[in-house]
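Trainee: For reference, the structure I am asking about is given below.
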Ligand code: PMP
């Protein structure tokens, strides 16, 4: 008989990694979810930064219903399908110039795997078979499959599988906000970017295939944004050594940061983009890789891309994705993410005055995080035993707000939480979030004996 760990709900055959069972969800609408006891939660993290256009959008549901009544699955080797063709064309138009070839998958890890494998097959097709190393950053998160895990910088997730995969070289992610070195932010940005050049030289430039990074970090770093000088310098270094630059925009893409891609915040563009999460906003499993013709064509000419998943280009998922992009455009949700993000960020910044244990607030658009510290001057983290990152999530949940948190940063540990509501959020709903957040942080401070001002 399956055990149920003390809950009075029915026994479950399901298992996940999560440490506690939450109530079963009943329904959702806009930025809200209700459990089966009728308790409402504000979806302050859009699930796992997924439901960018909010829940139960009638236009998307209608488009999906219409597609379902026609055909839900047709295998891509047997039929072309209009939903996939239309979504590919729409996606290409939203990518940086040149990234006009689109490959569909069903999630973020699959999108990352696709980028790694296309890069490798491009190298093989162009006589550069000695290139196979993919440099990435620490900390980082690129997915749970073994290839994506090999470029992920997160020891608890990667180490159990180390013997089963070929771990790739890592450089430090630019946690410049922690540095107390007297350098200016532009200098720090360049110094962190130069770690890539040093690693390329250490590995041997002709063995390095690609560099992958989240342009704006997700949960692993707490919405990490590098100094502006970092991005063009990374592009320059990749060009100098003919290394393919991959942006993992699984979390930062589809408008969340106030631009359709996080990449658009800086003049430098990547060679490959991985998309998922907000791309179909949780209405269906969907992801994509955007690639340039100069990389795709030699691979096709050399015999085809040796990679693909059964559900790729599924008509229902593509119809959902297309309707999501329609909604984003029709209601200027990217613009709303930028406008509401600026308001929410300044409200989070404002929390520092009352809660001196908030050491940093960062992110762009509605991909925002706050970091807890024991001392703002040194940015020393809170002691691990306080479990602050878990307690803040639980205390918020008790008060009707879902947020997301982790304990990782740079080479040391530290607690942060993310506030990433759907891109349809209004200013009045930001007030609702802030009211619960202040009550949550008051409760956290009381429980963990952290200082509070007036
Ligand atoms: N890359 C990034 C940046 C992510 O945030 C995630 C998911 N959190 C993934 C890849 C993996 O996506 P999925 O869980 O859909 O496989």
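The values are calculated or read from the model by the stated rules, or taken from the named source; none is laboratory data. Small disclaimer: the values here were computed from a predicted structure and weren't measured. Using ideal geometry, Cβ is built from the backbone for each residue, glycine included, and neighbour counts are taken over all protein chains shown.
Trainee: Within segment 349-357, is there a residue that is assigned by TED's automatic domain parsing to the domain that holds residue 368, within 23 Å of the chain's Cα centre (by Cα) and either modelled with pLDDT under 95 or surrounded by fewer than 20 Cβ atoms within 10 Å (Cβ to Cβ) (or both)?
Mentor: So in segment 349-357, the residues assigned by TED's automatic domain parsing to the domain that holds residue 368 come out as 349-357.
In the following step, the residues that additionally are within 23 Å of the chain's Cα centre (by Cα) were identified as 349.
Next, from what is left, pick out any that are either modelled with pLDDT under 95 or surrounded by fewer than 20 Cβ atoms within 10 Å (Cβ to Cβ) (or both): 349.
So far as segment 349-357 goes, yes, one or more of its residues are assigned by TED's automatic domain parsing to the domain that holds residue 368, within 23 Å of the chain's Cα centre (by Cα) and either modelled with pLDDT under 95 or surrounded by fewer than 20 Cβ atoms within 10 Å (Cβ to Cβ) (or both).
Trainee: Sticking with this one: Name the residue that is farthest from residue 189 (Cα to Cα), counting only residues in segment 206-232 that are part of a loop (DSSP other than H, G, I, E, B) and more than 16 Å from the ligand (Cβ to nearest atom).
Mentor: Step one: of segment 206-232, the residues part of a loop (DSSP other than H, G, I, E, B) are 214-215, 217-224, 226-229.
Going one step further and asking which of them are more than 16 Å from the ligand (Cβ to nearest atom), we end up with 227-229.
Numbers: 227: 5, 228: 7, 229: 5 Å.
So, considering only residues that are part of a loop (DSSP other than H, G, I, E, B) and more than 16 Å from the ligand (Cβ to nearest atom), the one farthest from residue 189 (Cα to Cα) is 228.
Trainee: Which of the strands (runs of 3 or more DSSP E) contained wholly in segment 344-434 include at least 2 residues that are closer than 19 Å to residue 43 by Cβ?
Mentor: Details: elements: 358-364, 367-372, 404-409, 412-419.
Where strands (runs of 3 or more DSSP E) fall fully within segment 344-434 and carry at least 2 residues being closer than 19 Å to residue 43 by Cβ, they are 367-372, 404-409, 412-419.
Trainee: Report, by residue number, each residue of segment 139-150 that is more than 15 Å from the chain's Cα centre (by Cα) and surrounded by 15 or more Cβ atoms within 10 Å (Cβ to Cβ).
Mentor: To start, the set of residues in segment 139-150 that are more than 15 Å from the chain's Cα centre (by Cα) comprises 145-147, 150.
145, 147, 150, listed by residue number.
Trainee: For segment 166-198, how many residues are over 23 Å from the mean Cα position of the chain (by Cα), free of Cβ contacts under 8 Å to residues at least 60 places away in the same chain and not in a helix (DSSP H, G or I)?
Mentor: Residues in segment 166-198 being over 23 Å from the mean Cα position of the chain (by Cα), free of Cβ contacts under 8 Å to residues at least 60 places away in the same chain and not in a helix (DSSP H, G or I): 6 in total.
Trainee: With the structure loaded, tell me whether residue 418 is within 20 Å of residue 180 (Cα to Cα), at pLDDT 95 or above, crowded, with 22+ Cβ neighbours inside 10 Å and in contact with a strand residue (DSSP E or B) (Cβ under 9 Å, 6 or more places away or on another chain) or whether it fails that test.
Mentor: Numbers: within 20 Å of residue 180 (Cα to Cα): no; at pLDDT 95 or above: yes; crowded, with 22+ Cβ neighbours inside 10 Å: yes; in contact with a strand residue (DSSP E or B) (Cβ under 9 Å, 6 or more places away or on another chain): yes.
When the stated conditions are applied, residue 418 does not pass them.
Trainee: Something else: Go over the candidates 244, 216, 234 one by one and state the one that is under 15 Å from residue 170 (Cβ atoms) and crowded, with 22+ Cβ neighbours inside 10 Å. Reasoning before the result, please.
Mentor: Values: 244 fails: under 15 Å from residue 170 (Cβ atoms); 216 fails: under 15 Å from residue 170 (Cβ atoms).
Among 244, 216, 234, only 234 is under 15 Å from residue 170 (Cβ atoms) and crowded, with 22+ Cβ neighbours inside 10 Å.
Trainee: Could I ask something else about it? Out of 252, 269, report the one residue that is more than 14 Å from the ligand (Cβ to nearest atom) and part of a loop (DSSP other than H, G, I, E, B). Walk me through how you get there before you give the answer.
Mentor: Details: 252 fails: more than 14 Å from the ligand (Cβ to nearest atom).
Sole residue among the options that is more than 14 Å from the ligand (Cβ to nearest atom) and part of a loop (DSSP other than H, G, I, E, B): 269.
Trainee: Let me ask you something else. Every residue in segment 106-155 that is outside any helix (DSSP H, G or I) and near the ligand (Cβ under 9 Å from one of its atoms), please.
Mentor: Kept after step one, since they are outside any helix (DSSP H, G or I), are these residues of segment 106-155: 106-107, 126-145, 151-154.
Once the filter is applied, which keeps residues that are outside any helix (DSSP H, G or I) and near the ligand (Cβ under 9 Å from one of its atoms), segment 106-155 yields 106, 107, 140, 141, 142, 143, 144, 145, 152.
Trainee: Now a separate question. Given the criterion in contact (Cβ under 8 Å) with a residue 60 or more places away in the chain and closer than 23 Å to residue 324 by Cβ, identify the matching residue among 98, 54.
Mentor: Numbers: 98 fails: closer than 23 Å to residue 324 by Cβ.
54 is the lone residue from the list that is in contact (Cβ under 8 Å) with a residue 60 or more places away in the chain and closer than 23 Å to residue 324 by Cβ.
Trainee: Has segment 310-330 got at least one residue that is more than 18 Å from the chain's Cα centre (by Cα), in a loop (DSSP other than H, G, I, E, B) and under 23 Å from residue 124 (Cβ atoms)?
Mentor: Yes: one or more hits.
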